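The values are calculated or read from the model by the stated rules, or taken from the named source; none is laboratory data. All values derive from a computational prediction rather than experimental measurement. Glycine gets a Cβ as well: all are built from the backbone with ideal geometry, and neighbour counts include every protein chain shown. Note: accessible area is taken over every heavy atom of the protein model, side chains too, but ligands, DNA and RNA are not part of it. Shrake-Rupley method; radii C 1.70, N 1.55, O 1.52, S 1.80 Å.
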Amino acid sequence: MSSWPTHPFTACPVSPPEPAAGEPPALDTLMCSLTIPGEPLSARIARGAVGSVLHAYRLDPLAPAAVQVAGELVAAAWHLDPGRSLYLSVRYRDDSLRLSVYDGHAPHAHPRLAAHCEARRRAALRLMGAVVRACDGAWGFGESREPGGGTRTWASLPRSGAAAYLGG
């Protein structure tokens, strides 16, 4: 007895139409992720990638804040977990740009070590925190739900706040 379907495919799924020339892609399609090395140059890679993605979606007014935040997120992750790959995610949801960085530094079981490590991470992200506050955004970190564990550090920048950053 054959396990083949009795009704073969008649057509492939239809792709959505391409945007008209000069029309930016829909913001709800902005989701970009990349794995970058845990090296000193990683922040530069992150800043360039985020700037390019925002330009492609015609969100250039958000770039000064978002590029700064991406660089700070990656630099802190590299500093706290050098030599291991970092994962950067950029998404646009609910009229906010969301940036997340995943690193392999797992939370500590011992409370004092956990508190010390949390204080180091907060100190490393002090400048980023100031940028996020200036944009009326939010940020935080916690245990990563990704396979392999580690830490997820994130920032959410509302479009209007990020666009107004530096008087833009």
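Here Ala65 fits the description: closer than 17 Å to Leu166 by Cα, crowded, with 17+ Cβ neighbours inside 10 Å and either touching a residue at least 60 places away in the same chain (Cβ under 8 Å) or among the aliphatic types (A, V, I, L, M) (or both).
Quick one: is Tyr57 open to solvent by less than 60 Å² (accessible area, probe 1.4 Å) and under 28 Å from Ala163 (Cα atoms)? Considered against the rule, which asks whether it is open to solvent by less than 60 Å² (accessible area, probe 1.4 Å) and under 28 Å from Ala163 (Cα atoms), Tyr57 comes out as yes.
If you go through the stretch 61-91 and keep only what is more than 18 Å from Gly137 (Cβ to Cβ) and of a type outside the set (A, V, I, L, M), you end up with Trp78, His79, Asp81, Pro82, Gly83, Arg84, Ser85, Tyr87. A residue that is touching a residue at least 12 places away in the same chain (Cβ under 8 Å), part of a loop (DSSP other than H, G, I, E, B) and open to solvent by less than 40 Å² (accessible area, probe 1.4 Å) can be found somewhere in the stretch 148-161.
Restricting the stretch 82-133 to residues that are open to solvent by 40 Å² or more (accessible area, probe 1.4 Å) and assigned to a strand (DSSP E or B) leaves a set whose member that is nearest to Ala65 (Cα to Cα) is Arg98. If the condition is being closer than 16 Å to Ser89 by Cβ and either under 13 Å from the mean Cα position of the chain (by Cα) or open to solvent by 60 Å² or more (accessible area, probe 1.4 Å) (or both), then the stretch 33-44 contributes Ser33, Leu34, Thr35, Ile36, Ala43.
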